[in-house]
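The values are calculated or read from the model by the stated rules, or taken from the named source; none is laboratory data. Since this is a predicted model, take the numbers as computed values, not measurements. Reconstructed Cβ throughout: ideal geometry from the backbone, glycine too, with neighbour counts over all protein chains shown.
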Amino acid sequence: MLRPPLVDVAGRLGFAATPTFALMAWISAVSSPGMIMCSVASPLVPINDMALMYLLMSLFHLSPWLKLLSRGSQHRIPPTEGD
């Protein structure tokens, strides 16, 4: 069954969120040591608020990757005999 092109693009767009937010979390954590003064978090915490937000957003948008991995692993496991 062929899917419309917009549905295909929308499905693939979901894969872009997790790596983008993870990259933004890394950039935010590494490049802004001066922002810790404006942060509500303790100076002992090695990650600032923005980096934590981006990290959580990348985790929340991880479901397309998990679905892809679970779909791929179902095809790789050979059926067992006798089940």
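Overview of values
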item	result
Extreme residue, modelled with the highest pLDDT, among residues of segment 58-83 that are surrounded by 11 or more Cβ atoms within 10 Å (Cβ to Cβ) and among the small types (Gly, Ala, Ser)	Ser58
Residues of segment 1-57 that turn out to be more than 17 Å from Leu68 (Cβ to Cβ), at pLDDT below 75 and assigned to a helix (DSSP H, G or I), as a count	7
